[in-house]
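Here is the structure we will look at, set down as structure tokens.
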Amino acid sequence: MPRLLLIAEDPQLRTSLTQALVEAGHAVAAAPFTPSVIATLSDVPPDLVIVDLEIPGVERLEAIRAIREESDVPLITLAAVDGEHDTVRVLDAGADDHLGKPVGAFHLEARIRAILRRTRPTPTNPVVVVGGLRLDRAGRVAELYGRRLDLSPKEFDLLTYLAEHVGTVVSKAVLLSKVWKERRGVSERTVDVHLAWLRRKLGETAARPRYLHTVRGIGVKLVDPTVDRAAADAV
């Protein structure tokens, strides 16, 4: 799950964008522009930073330079755009992309996806292993303790996405977006049905889960039953 840092002075903007980005499947931390927040970028950098350049007492290019002194993390800036020259100055100062305000959540999410496609490392290991579950993404083969599972293409995609985000609660809306690609006519009920089929093939039930744990009102998470003994406590 991509980790984003949203830096903005306006609390309303922080709240609205955070909600939209979380619903799109990102882990989001939000904070105002402060030296201590900028300093954290050199310690544990997020996958991408979004910064609203409308900062009282701080010039736009100065804010970008402060970030670039700490990290080369991918950076999207937001601000009222005065013209092409203004955008060019922001990009030349170190931003990877610049959007004018007000910015639409879908537009911002598309820009984030484009940058992450270029900057996030491609997994070198095509195999995902969680407990006794082994998923070969290249060969599209799923095995449970060495026994091959007979999964449909969508079941494999769903199980693989959850395994790639092991231990993370994923909402049904995110699953529809990432696995079904927001196809029209597909409802959250479709996710429920596929999860039920997966549970049956994994030898478990919603009442007695091992790998697939429902978190009421939020979503579902896949856990390693050999190490996560406390998973049932969240159900």
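The values are calculated or read from the model by the stated rules, or taken from the named source; none is laboratory data. These numbers come from a predicted model, not from an experiment. A quick note on method: Cβ atoms are made from the backbone with ideal geometry, for glycine too, and the neighbour counts reach across all protein chains shown.
In the list Leu116, Leu91, Leu13, Leu61, which residue meets the criterion of being under 30 Å from Leu162 (Cβ atoms) and either in a helix (DSSP H, G or I) or in contact with a Phe, Trp or Tyr (Cβ under 7 Å, 6 or more places away or on another chain) (or both)?
On the way: Leu91 fails: under 30 Å from Leu162 (Cβ atoms); Leu13 fails: under 30 Å from Leu162 (Cβ atoms); Leu61 fails: under 30 Å from Leu162 (Cβ atoms).
Of the residues listed, the single one that is under 30 Å from Leu162 (Cβ atoms) and either in a helix (DSSP H, G or I) or in contact with a Phe, Trp or Tyr (Cβ under 7 Å, 6 or more places away or on another chain) (or both) is Leu116.
Of all residues being β-branched (Val, Ile, Thr) and within 20 Å of the chain's Cα centre (by Cα) in region 41-65, which is nearest to Thr18 (Cα to Cα)? Just the residue, please. Write out each step before concluding.
As a first pass, look at region 41-65 and keep what is β-branched (Val, Ile, Thr): 44, 49-51, 55, 58, 64.
Now drop any that are not within 20 Å of the chain's Cα centre (by Cα), which leaves 44, 49-51.
Values: Val44: 20, Val49: 12, Ile50: 11, Val51: 12 Å.
Among them, the one singled out is Ile50.
Filter region 211-224 down to the residues that are buried (at least 20 other Cβ atoms within 10 Å of the Cβ) and under 16 Å from Leu144 (Cβ atoms) and list them by number. If you could, list the steps in order and put the result at the bottom.
Step one: list which residues in region 211-224 are buried (at least 20 other Cβ atoms within 10 Å of the Cβ), which gives 211-213, 220-223.
Tyr211, Leu212, Leu222, Val223 - these are the residues of region 211-224 that are buried (at least 20 other Cβ atoms within 10 Å of the Cβ) and under 16 Å from Leu144 (Cβ atoms).
Go through the residues of region 180-203 one by one and say whether even a single one is part of a loop (DSSP other than H, G, I, E, B) and at pLDDT 90 or above. Walk me through how you get there before you give the answer.
Filtering region 180-203 for residues part of a loop (DSSP other than H, G, I, E, B) gives 180-187, 203.
Now restrict to residues that are at pLDDT 90 or above: 203.
Within region 180-203 (the criterion being part of a loop (DSSP other than H, G, I, E, B) and at pLDDT 90 or above), the answer is yes, since at least one residue qualifies.
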